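Visitor: Provided herewith is a single structure, encoded as structure tokens, for subsequent inquiry.
Bear in mind these aren't lab numbers, they're just calculated from the coordinates by the rules spelled out. On a predicted model such as this, the values are computed, not experimentally measured, just so you know. We place every Cβ from the backbone using ideal geometry, glycine too, and count neighbours over all the protein chains shown.
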Amino acid sequence: MRLFFAIDLPEELHEPFAAVQQDLADADGLSFTDPEQAHLTMKFLGDTPTADEADDDEPTVHDAKVAGAAAVDAAGLDPFEVEVGGLGAFPSAEYISVVWAGVRDGTADLHDLAAALETATTERGFDVADDEFTPHVTLARMNDARGKDLVQDRLRNTNPTVGRFTAEELRLKRSVLGHDGAEHETVARFPF
């Protein structure tokens, strides 16, 4: 199973999320995230076997669940407010692979949770994260550069707000790749 930890955007933010995407709709070469699948990725684990499928030292789905519970406990968080807004791009505005909405409020709690997840998952045998944690929600992926100028214009000249919500739980999610992109299913929940 392809697993990752995330905080899902609540249903009431799906429409404002789609409105921010709409401002990028004329940029050719973008594939947009389904608003119902929008989330803050906290830690990507990758392909993770069940206990029956694993080699001796390989971390399993069970290890991921244990790490999620340990991380939430270690972070000691209560439900907290998150505001999603602003635009950014990975790896940079010059070479755009991903266009995202950032986080304006709640970053300290998200960084605490990400650090706790990094510790808990690596202790259970998962790989160290490749990149520094940047709280964001993916709006779109750029498949080619045809719409790059429009995206760069939006990055420089707009500062949209998706909205606020109360983060109440971390979720362990399974990503299932299909013809229309990835579908995400919740495997386990870890309330704050």
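Visitor: Is it true that some residue in the stretch 101-115 is under 18 Å from residue 42 (Cα atoms), under 13 Å from the mean Cα position of the chain (by Cα), in contact (Cβ under 8 Å) with a residue 40 or more places away in the chain and not in a helix (DSSP H, G or I)?
Guide: Yes, that holds for at least one residue.
Visitor: Cβ contacts < 7 Å: first residue of a type in the set (S, T, N, Q), restricted to the stretch 167-192; second residue surrounded by 14 or more Cβ atoms within 10 Å (Cβ to Cβ), any location; separation 6+ or different chain. Result?
Guide: So the pair list comes out as 175/2; 175/4; 175/182; 175/184; 186/171; 186/173.
Visitor: Is it true that some residue in the stretch 37-51 is more than 16 Å from residue 4 (Cβ to Cβ) and of a type in the set (Asp, Glu)?
Guide: No.
Visitor: Would you say residue 122 is polar (S, T, N, Q), out of contact with any Leu (no Cβ under 8 Å at 6 or more places or on another chain) and assigned to a strand (DSSP E or B)?
Guide: So residue 122 fails the test.
Visitor: In the set 15, 11, which member is more than 22 Å from residue 118 (Cβ to Cβ) and either surrounded by 18 or more Cβ atoms within 10 Å (Cβ to Cβ) or over 17 Å from the mean Cα position of the chain (by Cα) (or both)?
Guide: Answer to the check: 15.
Visitor: Is there a residue in the stretch 154-162 that is among the charged types (D, E, K, R), part of a helix (DSSP H, G or I) and either under 16 Å from the mean Cα position of the chain (by Cα) or surrounded by fewer than 17 Cβ atoms within 10 Å (Cβ to Cβ) (or both)?
Guide: Checked the stretch 154-162: at least one residue is among the charged types (D, E, K, R), part of a helix (DSSP H, G or I) and either under 16 Å from the mean Cα position of the chain (by Cα) or surrounded by fewer than 17 Cβ atoms within 10 Å (Cβ to Cβ) (or both).
Visitor: Hey, could you check the stretch 110-135 for residues that are crowded, with 20+ Cβ neighbours inside 10 Å and not hydrophobic (A, V, I, L, M, F, W, C) and say which is nearest to residue 3 (Cα to Cα)?
Guide: Within the stretch 110-135, the match that is nearest to residue 3 (Cα to Cα) is 121.
Visitor: Looking only at the stretch 126-144, which residues are part of a strand (DSSP E or B) and hydrophobic (A, V, I, L, M, F, W, C)?
Guide: Selection gives 137, 139, 140, 142.
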